[in-house]
Amino acid sequence: MKIAIINGPNLNLLGKREPEIYGSRSFEEYFETLVRKYPELDLSYFQSNGEGELVNYLHEVGFEVDGILINAGAYTHTSVAIGDALAAITSPALEIHISNIYKRETFRHKSFLSSQCLGMIAGLGLLGYDLGIQYFIAKENSNQ
């Protein structure tokens, strides 16, 4: 099974940026933990601070992977283009947020991605990515 993890702007600063909200671990370190935990999966990771690059990557992988975990960062609340890209592809996606977006500023309560995703995991820190992987594994196993 192939699962793509896609992170948006400023998530390249995990481990350095606002550790009280996002923790002190880089995503690259965490991704290596996921790869070791799930050796049977083909996990990929992409991060970009650019909206167009995120859209292009969704187009690139969105017809070939079995699942997408997307944390579009601030673009979640502003990008019709990323929402449209999710609508245009066939791979199912879960929206991931490290922080609880509903405990933050009110502009973060609106998502342009949610209506195109199977569901959302928010506020559970990096564990949200692991739980998203577990969802896709369970879904795959229930289809067999």
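The values are calculated or read from the model by the stated rules, or taken from the named source; none is laboratory data. Everything numeric in this text was worked out from a predicted model, so none of it was measured. When we count neighbours, we look across all protein chains shown, and the Cβ atoms used for this are built from the backbone with ideal geometry, even at glycine. Just the protein is used for accessible areas: all its heavy atoms, side chains included, with ligands, DNA and RNA removed. Shrake-Rupley method; radii C 1.70, N 1.55, O 1.52, S 1.80 Å.
Along the chain, the longest continuous region that contains none of the GluC sites (Glu not before Pro) in a DSSP loop with at most 14 other C-beta atoms within 10 Å is 65-104. Stretched out straight at 0.36 nm per residue, the stretch from Arg25 to Ala87 would grow longer than its current Cα-Cα span by 19.1 nm.
In the structure shown, the pairs Lys110/Lys139; Lys2/Lys139; Lys2/Lys110 are assessed against 25 Å; a Cα-Cα span above that value is assigned to Lys110/Lys139; Lys2/Lys110. Our helix-only sum for the chain, with -39,500 (n - 2.57) per DSSP H run of n ≥ 4 divided by its residues, gives a mean residue ellipticity at 222 nm of -10500 deg cm²/dmol. The label-point distance for Arg17 and Met1, in a model that sets each label 7 Å from Cα toward Cβ, rounds to 2.9 nm. Sorting Lys16, Lys139, Lys37 by solvent-accessible area of protein heavy atoms yields Lys16, Lys37, Lys139, largest first, with a 1.4 Å probe.
The Cα trace of the chain gives Rg and Dmax of 14.2, 42 Å, the first to one decimal, the second as a whole number.
Our estimate of slack between Leu131 and Thr33, defined as 0.36 nm per intervening residue step minus the Cα-Cα distance, is 33.9 nm. Annotation: aspartates and glutamates with alpha-carbon distance below 20 angstrom to Lys16 (same-chain offsets under eight excluded): Glu28, Glu29, Glu32.
For the pair Ser44 and Lys139, the difference between a 0.36 nm per residue extended length and the Cα-Cα distance amounts to 32.3 nm.
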